[in-house]
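Encoded as structure tokens, the structure appears first; notes follow it.
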Number of protein chains: 2
Amino acid sequence: MEIKELGEFGLINRLTKDIHPVNNSTIMGVGDDAAVLHYTDKETLVSSQMFMEGVQFDLTYIDMEHLAYKVAMITMSNIFAMNGQPRQLIVSLGLGKRFKVEDVDQFYAGLNKACTKWNVDIVGGDTTSSYTGLAINLTCIGEAAKEDIVYRNGANETDLICVTGDLGAAYMGLQILEREKSVYYQQVEEYNNKVKEAQRNKDEKRLEALRMERAAIEGFQPDFAGKEYLIDRQLKPEARGEFLNQLREAGIRPTSMIDISDGLASELKHICEKSHCGCRIYEKNIPIDYQTAATCEEFNMNLTTAALNGGEDYELLFTVPIGDHEKIDKIENIKQIGYITKENLGTFLITRDGNEFELKAQGWVVNKN
Amino acid sequence: MEIKELGEFGLINRLTKDIHPVNNSTIMGVGDDAAVLHYTDKETLVSSQMFMEGVQFDLTYIDMEHLAYKVAMITMSNIFAMNGQPRQLIVSLGLGKRFKVEDVDQFYAGLNKACTKWNVDIVGGDTTSSYTGLAINLTCIGEAAKEDIVYRNGANETDLICVTGDLGAAYMGLQILEREKSVYYQQVEEYNNKVKEAQRNKDEKRLEALRMERAAIEGFQPDFAGKEYLIDRQLKPEARGEFLNQLREAGIRPTSMIDISDGLASELKHICEKSHCGCRIYEKNIPIDYQTAATCEEFNMNLTTAALNGGEDYELLFTVPIGDHEKIDKIENIKQIGYITKENLGTFLITRDGNEFELKAQGWVVNKN
């Protein structure tokens, strides 16, 4: 169905009619000039992020439902990274002409899945047309008690540097998706060349045979065997809110925290810069899944670079006092990767063979071996 | 300067280094995963709006500074329309390749002007590239005591319908801008045709003369004489927060309120729908500036339609108990335009000659006279 058949108000009504707030802090959600929220015993956290088609996402890899789930998780992840609980989400969409009502329905299905997972209410937003592509802006609002909020600037010398889950997988998932896309386009190009040649030769029999081949190419199935985890990490990232409860239950309060969107190196440098300190992390301690390692080998890429600079992991990176060492050890899927130093000691990675390399907040470098 | 010379973090530092929060509710602004706000004695209001190049704005009419001022005012206007005070703003920008650092500087200059006017703090945002054009999303956060918040749904039978300022001027300003743009393009086209003809005729003397004419066309000055107010209303709208204080001082609490972005008819229908009531407004009472009236005549457009459906006025539309009639009368620049009825009586305009026309939340219809 074309969006103009419903109109802006019709579309908004369709998308919001089944939204029923679950949070006490949501006094008034969708339907007025502004949402009304009640945060009288905690601090309010607000974070906004923009996602542009062709820059942050490629709709040849990801469908509308997964895209919505992903961008919602990314935005909620910012609230978790303050040690807060996300409560409300505001959704702005700029929709190019090719988008139908069904696409927007799918997008909202993905949003609702993400919001249900973390008990977040959709409380407003804006829908407009766009001259090109899809533009998305999400604003997530959350809460935390004043004494619970963890900033980037609280790391102290001797603190342990910890990270949840594993790193580099989402980036290697993207490499797989890009490879399969180029395999597909190569098949299409080869097919088109064969057809052109047969047409030149007026070879009717050959053209008939090629028509049969066409279905096979149209039904192209990307090969993700043995890479399922990587694809999942790229297309369906999860915000790591569950670790906040585990830390709280273990009596641990991080001294600084950030979520890993641009890669471990970049985020660790943010913490060090804001906290006026340095750091050492150990290459051997960086948590990496075996699918990530195997795929790096296959692509002849440097595994540590993928983990340091790949990005899109959305794991939590945080520091804790050194006295919490044993408590952290007991929590599954949290790894201690290094420690905080004085600022003048700089930010370095210690490699397996004991060399020190300065951390750079830069993008990917292909292994030249 | 190219944006890539600074990089994302460099650009953010440049734009935010001079931001100094002025509100007590701003605990932590730019620089972490989320802004931290303190709203422990009032309700929090949040509203988000997206603006896409070519849809909501045209950079051939408006420069970056005015654009920023305008979108900031529009977003703040949503908080005023809840009878609240805007306090914080979060800014997301998707920047096409043609935008330079200086363009973003100008944009922030406009934002800062708007924020200074209403004591609003910029507390965060996101900056990304865009494959085409400029995408803007603003989220405004504000506050109001619970008992002060005015929703769209509180209008009651016999309430008076009031509107601030005057209507239709921003729309007529847009007509002027579009006319001047087409005059300019027509001059360019005629010039190009003359050059082509001279080239065909190999008339060197004529070509020389035409080269002199070129400067005049490049220095084209649009003719806004006598339309300054309309241009101002289109390019530099003001949110109407000052009326909220005046109403409070006069002891008036509106029963319902909305700001006029899509035109009086559309917004009044929102109030009636949410409040389950009908209305009558008088054509003769709709406030219209003389420049708006004169320009409608010049363009052969229906003045009442411009005021009802033109939009972009950002005036406040509200209802008050009938007992407040005299108090309202004393406030300058607030006009009583009609009254609220039972729902089954519908939503109608009473024309100067006493006819009733149903209000339609539709766009512009050119006068067929």
Model label zone, A:R206; criterion: amide N under 12 Å from point 7 Å along Cα-to-beta-carbon; scope the range A:175-196 = A:193-196
Return the distance in nm (one decimal) between the two label points of a simple spin-label model at B:I331 and A:R253, each offset 7 Å from Cα along Cα→Cβ.
-> 4.6 nm
Just report the Cα centroid separation between the range A:298-357 and the range A:258-274, whole Å.
-> 11 Å
For chain A, with a Gaussian network of springs between Cα atoms less than 10 Å apart, report the residue from A:K117, A:K335, A:K227 with the top mean-square fluctuation.
-> A:K117
Take chain B, connect every pair of alpha-carbon atoms lying under 10 Å apart with a spring to form a Gaussian network, then pick out the residue of B:N78, B:N192, B:N302 with the largest mean-square fluctuation.
-> B:N192
How high is the relative contact order of chain A, in percent, with contacts defined as C-alpha pairs under 8 Å that are six or more residues apart?
-> 22 percent
B:N300 and A:K113 label points (each 7 Å along its Cα→Cβ direction) are spaced in nm at 5.6 nm
Among B:E358, B:E249, B:E208: highest mean-square fluctuation, GNM of chain B, C-alpha pairs under 10 Å = B:E208
For chain A, how big is Rg over Rh, using alpha carbon atoms and the Kirkwood form of Rh?
-> 1.04
What are the radius of gyration and Dmax of the range A:3-148, computed over its Cα atoms and given in Å?
-> 15.1, 50
When the helices in chain A are scored as -39500 (n - 2.57) per DSSP H run of 4 or longer and the sum is shared across all residues, what 222 nm value do you end up with, to the nearest 500 deg cm²/dmol?
-> -12500 deg cm²/dmol
Rounded percent of accessible protein surface that carbon and sulfur make up, the protein assembly as shown, 1.4 Å probe | 48 percent
Take peptide A:129-136, look around each residue's Cβ out to 10 angstrom, count Cβ atoms belonging to other protein chains, and average those counts.
-> 6
Sequence-distant lysines (8 or more away, or on other chains) whose Cα lies within less than 17 Å of A:K196 = A:K205
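Show me A:169-182, B:254-267 ranked by packing, highest mean number of other Cβ atoms within 10 Å first.
Going from most to least packed, we get B:254-267, A:169-182.
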In square nanometres and to one decimal, what's the mean projected area of the convex hull around the Cα atoms of the protein assembly as shown?
-> 42.0 nm²
Given B:K227/B:K360; B:K284/B:K335; A:K17/B:K274, the pairs whose alpha carbons are separated by over 18 Å = B:K227/B:K360
Long-range amide H partners of A:T347 with built H, under 5 Å = A:C279, A:L359
SASA check, A:F243, accessible area w/ 1.4 Å probe, all protein chains in place, rounded to nearest 10 Å², comes out at 10 Å²
State, in square angstrom and to the nearest 100, the accessible area buried between chains A and B, both chains counted, probe radius 1.4 Å.
-> 4500 Å²
Taking the chain alone as reference and the full protein assembly as comparison, with a 1.4 Å probe on protein heavy atoms only, the residues of the range A:17-46 that lose at least 40 Å² of accessible area are A:G31, A:D32, A:D33, A:A34, A:V36, A:L37, A:T40, A:E43, A:T44, A:V46
Roughly how much of A:T60 is accessible, in Å² to the nearest 10, using a 1.4 Å probe?
-> 90 Å²
For the protein assembly as shown, the per residue accessible area (1.4 Å probe, Å²) is 45 Å²
Pick out, from B:L264, B:S129, B:H276, the residue whose Cα sits farthest towards the positive end of the charge dipole of chain B, with +1 on the Cβ of Lys and Arg and -1 on the Cβ of Asp and Glu.
-> B:S129
Kindly identify residues of the range B:65-85 having a loss of at least 30 Å² in accessible area between the isolated chain and the assembly of all protein chains, probe radius 1.4 Å.
-> B:M82
Once amide H atoms are built 1.01 Å from N in the peptide plane, which residues 5 or more positions from B:T44, or in another chain, come under 5 Å H to H?
-> A:L37, A:H38, A:Y39
Which residues of the range B:89-114 bury at least 30 Å² of accessible area once all protein chains are present, versus their chain alone (1.4 Å probe)?
-> B:I90, B:S92
For the range A:151-194 and the range B:1-63, what is the separation of their Cα centres, given in Å?
-> 29 Å
The summed charge of the A:N192 Cβ neighbourhood (under 12 Å; Lys/Arg +1, Asp/Glu -1) stands at -1
Go through the range B:232-248 residue by residue and turn each phi into a ³J(HN,Hα) via Karplus (6.51, -1.76, 1.60, θ = phi - 60°); whole Hz please, and just put x for glycine and proline.
-> 4, 5, 6, 8, 9, x, 10, 6, 9, x, 4, 6, 5, 5, 4, 5, 4
Taking every residue in A:47-60, how many Cβ atoms of other protein chains lie within 10 Å of its Cβ, on average?
-> 5
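The values are calculated or read from the model by the stated rules, or taken from the named source; none is laboratory data. These figures come from a predicted structure and were not determined experimentally. Note that each Cβ is placed from the backbone with ideal geometry, even for glycine, and that neighbours are counted across all protein chains shown. Accessible surface is based on the protein model in full, side chains and every heavy atom, while ligands, DNA and RNA are left aside. Shrake-Rupley method; radii C 1.70, N 1.55, O 1.52, S 1.80 Å.
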